[in-house]
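The values are calculated or read from the model by the stated rules, or taken from the named source; none is laboratory data. Quick caveat, the model's predicted, so the values are computed rather than measured. No Cβ is skipped: glycine too gets one built from the backbone with ideal geometry, and neighbour counts run over all protein chains shown.
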Amino acid sequence: MLLSIKNVSKKYNNGTEALKNVSFDVEKGEFISIIGSSGSGKSTLLRSINKMTDISEGSILFENQNIEKLKKKEINLVRREIGMIFQNYNLVERLTVIENVLHGRLGYKSVIAGILGIYSEEEKKEAFAFLEKVNMAKYAYQKCSELSGGQKQRVGIARAIMQKPKLLLCDEPIASLDPKTAENIMDYLRKIVSELKITCIVNLHQVDIAKKYSDRIIALNKGEKVFDDKTENLTNDVIEFVYKNEENE
Ligand SMILES: Nc1ncnc2c1ncn2[C@@H]1O[C@H](COP(=O)(O)OP(=O)(O)OP(=O)(O)O)[C@@H](O)[C@H]1O
């Protein structure tokens, strides 16, 4: 087992209970989508897994290590194993595509080597190879600010896999893209993680996309896990239940 979420609750300082007693295990190689209405706790859950957010109760085990109990140095080692893909891409816009992909290696470098941008020939070759996988090698020396949203997310995927993660967390990776580009990104993502045997958890707004691409779906409703099963068992009745009481905030 790669990841185990045990009775996790999260209460923010303002009193919002974003997660309520959530538990599930993730096996190596799974492709899981997390669905639920806006505010149901999807981002909080993903951010808890790599300790961008501290949980209030419960435990999170990554490769059998309780991440709540780790020291700062050990957390950095765990973070190296966990890649992230964001809705807003989180690229350094003024830098080139290849420089952004090489940033995926920063967790493996000394601070000085990172600041000076010192990368081995092998790392550079690998960065190009990953750009090939997302069909972006021809843009390697273009500034990221000059790319479309779909192209930026393809760079985001290449950067994340450059990190050689065991687990990839994707927080609404296609929420800013048109439907056709969104499917194109999901095609690349699914193909690459299968090929490299990377476990993947994706937060998604679109149920149809979750159904098309994932092996397993977990649904949250107001911080509670209300569904966790193989994709084919997500019936329309379940979907209605998952999205009931949607608050228009
Ligand atoms: N930093 C924060 N401080 C206080 N409350 C927060 C914070 N971040 C999120 N929340 C609240 O926690 C709840 C869950 O938010 P979260 O962003 O995890 O949900 P989500 O399912 O990812 O929503 P969305 O799909 O809109 O991104 C919401 O009620 C939200 O307002």
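Observations on the structure shown:
- Any hit, the stretch 120-141, residues being surrounded by 15 or more Cβ atoms within 10 Å (Cβ to Cβ), within 16 Å of the ligand (Cβ to nearest atom) and in contact (Cβ under 8 Å) with a residue 24 or more places away in the chain: no
- Just so you know, in the stretch 209-249 the residues that are assigned to a helix (DSSP H, G or I) and of a type in the set (A, V, I, L, M) include one that is nearest to E27 (Cα to Cα), and it is A210.
- Residue in the stretch 47-60 that is closer than 12 Å to K225 by Cβ, modelled with pLDDT of 95 or more and within 12 Å of the ligand (Cβ to nearest atom) present: no
- Condition met for A160 (among the small types (G, A, S), under 16 Å from V92 (Cβ atoms) and either touching a strand residue (DSSP E or B) at 6+ places or on another chain (Cβ under 6 Å) or in a loop (DSSP other than H, G, I, E, B) (or both)): yes
- Enumeration of residues in the stretch 162-177 that are under 15 Å from G149 (Cβ atoms) and in contact with a Gly (Cβ under 8 Å, 6 or more places away or on another chain): P173, S176, L177
- Across the stretch 167-180, the qualifying residues are those that are assigned to a loop (DSSP other than H, G, I, E, B) and surrounded by fewer than 18 Cβ atoms within 10 Å (Cβ to Cβ), and the one among them that is farthest from the ligand (Cβ to nearest atom) is D178.
- Selection of the stretch 221-230 for residues being over 17 Å from A18 (Cα atoms) and either among the basic types (K, R) or free of Cβ contacts under 8 Å to residues at least 40 places away in the same chain (or both) yields D229, K230.
- Within the stretch 78-111, restricting attention to residues that are of a type in the set (A, V, I, L, M, F, W, C) and at pLDDT below 90, the residue that is surrounded by the fewest Cβ atoms within 10 Å (Cβ to Cβ) is V111.
- The set of residues in the stretch 21-43 that are within 15 Å of the ligand (Cβ to nearest atom), among the hydroxyl-bearing types (S, T, Y) and surrounded by fewer than 22 Cβ atoms within 10 Å (Cβ to Cβ) comprises S37, S38, S43.
- Only residues that are more than 8 Å from the ligand (Cβ to nearest atom) and small (G, A, S) were counted across the stretch 6-20, and they come to 2.
- The residues listed here are E57, E74; of these, the one that is touching a residue at least 40 places away in the same chain (Cβ under 8 Å), farther than 20 Å from L204 by Cβ and not β-branched (V, I, T) is E57.
- The number of residues in the stretch 182-208 being under 16 Å from K28 (Cβ atoms), within 16 Å of the ligand (Cβ to nearest atom) and part of a loop (DSSP other than H, G, I, E, B) comes to 0.
- Of the helices (runs of 4 or more DSSP H) contained entirely in the stretch 70-130, those carrying at least 1 residues that are more than 30 Å from S59 (Cβ to Cβ) and of a type in the set (G, A, S) fall at 111-116.
- Among the candidates E183, E224, E195, the residue that is surrounded by 15 or more Cβ atoms within 10 Å (Cβ to Cβ), among the charged types (D, E, K, R) and out of contact with any strand residue (DSSP E or B) (no Cβ under 9 Å at 6 or more places or on another chain) is uniquely E183.
- Listed by first and then second residue, the pairs linking a residue in the stretch 1-26 that is touching a residue at least 24 places away in the same chain (Cβ under 8 Å) and acidic (D, E) to a residue that is assigned to a loop (DSSP other than H, G, I, E, B) and within 12 Å of the ligand (Cβ to nearest atom), with Cβ atoms under 8 Å apart and 6 or more places separating them unless they lie on different chains, are E17/G223.
- Here the condition is being of a type outside the set (V, I, T) and either in a loop (DSSP other than H, G, I, E, B) or touching a helix residue (DSSP H, G or I) at 6+ places or on another chain (Cβ under 7 Å) (or both); of G58, G29, it holds for G29 alone.
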